[in-house]
Amino acid sequence: MPQNIRVATSPRLPRVRASELVGRGWLNTGGREIALADLRGKVVILDFWTFCCLNCLHVLDELRELEESRREELVIVGVHSPKFAHEADPDALAAAVERYDVRHPVLDDPELTTWDAYTARAWPTLVVVDPEGYVVAQMAGEGHASAIAAIVDELVAEHEAKGTLHRGDGPYVPPTPEPSTLRFPAEAVQLPGGNLLVADAGHHSLAELAPDGETLVRRIGSGERGFVDGGPSTDGSHAARFSEPNGLCLVPSELRARLGYDVLVADTVNHALRGVHLDSGQVYTVAGTGRQYMVGGQENVAAPDEAPRAHETGDQYPPTWVNLSSPWDVAWSPDLAAFVVAMAGNHTLWMFDDEQGSLRLLAGTMNEGLEDGGGDGAWFAQPSGLAPSLDADGRPDGGLWLADAETSALRHVAPDGGSGVRVTTAVGQGLFDFGHRDGPAAQALLQHPLGVATLPDGSVVVADTYNGALRRYDPTAGEVTTLATGLAEPSDVVVQADADGGTVHLLVVESAAHRLTRVALPADLAGEVLDGGAHRVARTATDVAPGELLLDVPFTPAPGQKLDDRFGPSTELQVSATPPELLLDGAGGGTALSRDLRINPEVPEGVLHVTAKAASCDEVPLGPDGEPDPDVFPACHLAQQDWGVPVRVVPDGGATLTLPLRGA
């Protein structure tokens, strides 16, 4: 085993009493306050999450099956520890708990009190507490469902034998949602006949509305969460099922007959692209398998018998064989002659050409952050809304505008003249800086934008979701202004024009208000210049001493796995800092999971950005001869975690920073 990797062999921690659950209040409990003592006798999973974070939403989905199958022995408690200022609003949290179908108690922890008590450093973080109230495991990131299930089964057996397991109902009390035509709509497009098609995420369907934006014409999809193709039946019901669809793209008219569908849908929680034929209402899966793409996983191609043959012949895998990761939006690129997909779940852009049966990575490294440059080196953070960019005369210029949600950024993606793209940032500072500030683009701030649209003069309207605002970026002047405020989590914008082609208003998808709202544009498009202030993500800083700092990332493989070092180093560590001057030495990449950093004594505080990866594989059983069974091929897995650790440089600070990495 390489000397630079410290492998922790046991997933269980020393017996440490779990800290009390302290926050502003509780959701999904019928108004009841819950103490940790009330959960004695149950296995408890604390899920530290924030509703902006797609990795956190993946964990919600990963744990659903375990939660349902173990309701008598297991209680999951969501501890909501917000990143953005908007997420600290109790009404916004209540809406998110409903939006994402959270079926367990949620502690509202806006001051990060419980977060700090459990020394969480990343979203998401999972903590397992045994029936006697002791912490037995803690892990960051997603992909831990099988490891968590194994720990839960072990604890249930252990405490049933000891007599300390108490079966029965938990404290969850489901809310009663109010009926509405739309429920958390995500995006809208105007159809050729004037009607509107809406991705009705909360109803797991598409809603076609009349031009008034209110009257329901029909619904495509049954309204039940699921992954089923099909169309309407003779009784008017619909067989097809979606799961939180978000993005919509009209297929170019010249392609519709050849492809067999008119609209391409980013079916986010199904990790799939779906084609919809409007006349028949039929829904087809055109890309994705329904399973999530896991970074570095062999299972990302879901046809093991055919995949080796395709690989040997140089053929591309059919798009329906390839796992995707929470596609959020889709846009057509004439220059690339393909659809560009904002793959929010792994911070990338993909290119989908259904005529050629091609689906491939276009831009992004799957690292989360704000880095410009060529597509193969760019970093994104939950890329969301997409819109074609126009020049000052209103002609398409071949590029795309992108709302990069977690960096609160507006970015531009342009073809590089070959088969790739270049990425530039117009507005945005990074993962931890946000706010509502207009003016020169270099100083302007957004807060978790999800949607973009292009105006005829080439300027861009941004659905600045967590600021509840519409913002305008003028590329010619390099200025940002505010067009409207007071909106309820606007997630998309449709630019509508009158019969003469003059722009008259914007149609805004107000997701948290469950409606479409028309907003008039000022005649000169100028908007207002506002300054609502700047914010940084508020988390307790770790005190570190100036000078030498040991960064240690011990790796724990999941149960039944071992470190995969058969072909050389199987680990990677990337380190950077904000501001860069915080690190005098130690920035950059390498294979060792420990590194000596040198902290600048002249920089009083900052953020250390750490990305760690480690490959593991399933242990192969021994055959009769005592050697590994040659007929068993171990599956390989890649654990990855990103940390942004706020640090304060003080003389008596620590000399070691430990960030455990757990196998998936």
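The values are calculated or read from the model by the stated rules, or taken from the named source; none is laboratory data. Just so it is clear, the model here is predicted, and its values are computed rather than measured. Quick reminder, even Gly has a Cβ in these numbers, built from the backbone with ideal geometry, and neighbours come from all protein chains shown.
Taken over segment 628-650, the residue count meeting the criterion of being among the charged types (D, E, K, R), modelled with pLDDT of 70 or more and over 20 Å from the mean Cα position of the chain (by Cα) is 1.
So is L93 of a type in the set (A, V, I, L, M, F, W, C), surrounded by fewer than 18 Cβ atoms within 10 Å (Cβ to Cβ) and touching an Asp or Glu at 6+ places or on another chain (Cβ under 7 Å) or not? No, not satisfied.
This table checks each residue for (1) in a loop (DSSP other than H, G, I, E, B); (2) within 18 Å of the chain's Cα centre (by Cα).
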position	(1), (2)
R225	yes, no
G236	yes, no
S243	yes, yes
N246	no, yes
R256	no, no
Y261	yes, no
A266	no, yes
V269	yes, yes
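If you check E87 against the conditions, is it part of a helix (DSSP H, G or I), among the charged types (D, E, K, R) and either in contact (Cβ under 8 Å) with a residue 40 or more places away in the chain or in contact with an Asp or Glu (Cβ under 7 Å, 6 or more places away or on another chain) (or both)? Yes. Restricting segment 507-529 to residues that are part of a strand (DSSP E or B) and not charged (D, E, K, R), the residue that is modelled with the lowest pLDDT is A520. If we scan segment 160-167, do we find a residue that is within 30 Å of V128 (Cβ to Cβ) and either among the hydrophobic types (A, V, I, L, M, F, W, C) or outside the structural domain of V75 (by TED's automatic domain parsing) (or both)? Yes; the residues of segment 160-167 include at least one that is within 30 Å of V128 (Cβ to Cβ) and either among the hydrophobic types (A, V, I, L, M, F, W, C) or outside the structural domain of V75 (by TED's automatic domain parsing) (or both). Does V537 satisfy the criteria of being buried (at least 16 other Cβ atoms within 10 Å of the Cβ), closer than 27 Å to C53 by Cα, at pLDDT below 90 and among the aliphatic types (A, V, I, L, M)? When the stated conditions are applied, V537 passes them. A single entry from A426, A442, A477 fulfils the requirement of being assigned to a strand (DSSP E or B) and either under 27 Å from A92 (Cα atoms) or not assigned by TED's automatic domain parsing to the domain that holds F51 (or both): A426. Restricting attention to segment 204-254 and to residues that are hydroxyl-bearing (S, T, Y) and surrounded by fewer than 18 Cβ atoms within 10 Å (Cβ to Cβ), the residue that is modelled with the lowest pLDDT turns out to be T234. Take the conditions part of a strand (DSSP E or B), of a type outside the set (S, T, N, Q), modelled with pLDDT under 90 and in the same structural domain as G435 (by TED's automatic domain parsing) and apply them to V504. Does it pass? So V504 passes the test.
Of the residues that sit in segment 166-183 and are in contact with an Asp or Glu (Cβ under 8 Å, 6 or more places away or on another chain), within 19 Å of R515 (Cα to Cα) and not β-branched (V, I, T), which one is surrounded by the most Cβ atoms within 10 Å (Cβ to Cβ)? Checking each candidate, the answer is L182.
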